[in-house]
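Quick notes on the structure that follows.
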């Protein structure tokens with residue numbers, strides 16, 4: 001039997017033109033209580049041409065990369081918790 005679950009990732013992007021940077025948050029909602037938030041930023045050099053889409057893409061990609069690391073860390077902690085229960089001495 002195949003089980004299907006849907007996880008949702010929302011990406012919120014804030015552009016700060018006066019400071020030449022873009023900040024993004026990637027928020028993961030799963031079916032269980034897991035809620036993780038990845039963060040990313042992109043900075044524009046003063047001599048670079050102003051193209052908002054590039055800053056959005058970089059900040060979002062970095063937020064998703066950060067989110068992926070947080071998800072791997074969460075999975076690792078869950079695996080370690082299960083493994084420690086299996087190896088714990090029984091009374």
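Give the distance, in whole Å, between the Cα centre of the range 1-26 and the Cα centre of the range 57-78.
Computed from Cα coordinates, the inter-centre distance equals 11 Å.
Label-point separation (nm) for residue 61 and residue 34, each offset 7 Å from Cα along Cα-to-Cβ?
Computed distance between label sites residue 61 and residue 34 equals 2.5 nm.
Which ordering of 68, 84 is given by a fewest-first count of other beta-carbon atoms within 10 Å? Don't skip to the answer; put the middle values down first.
Numbers: 68 14, 84 9.
Ascending Cβ contact count within 10 Å gives the list 84, 68.
Please compute the Kirkwood hydrodynamic radius over the chain, one decimal place, Å, based on all pairs of different Cα atoms. List each step's numbers first, then the result.
Numbers: mean 1/r = 0.0646 Å⁻¹.
It works out to 15.5 Å.
Starting from the exponent 0.38 and prefactor 2.2 Å, build the expected Rg for the range 19-66 from its residue count and divide its actual Cα Rg by it.
Working: Rg = 13.1 Å, N = 48, 2.2 N^0.38 = 9.6 Å.
Against the compact-globule rule of thumb, the ratio is 1.37.
Where a number appears in this text, it was derived from the coordinates with a stated rule and is not lab data. Here the structure is a predicted model, which means the values were calculated and not measured. Every residue, glycine among them, receives a Cβ derived from its backbone with ideal geometry; neighbour counts consider all protein chains shown.
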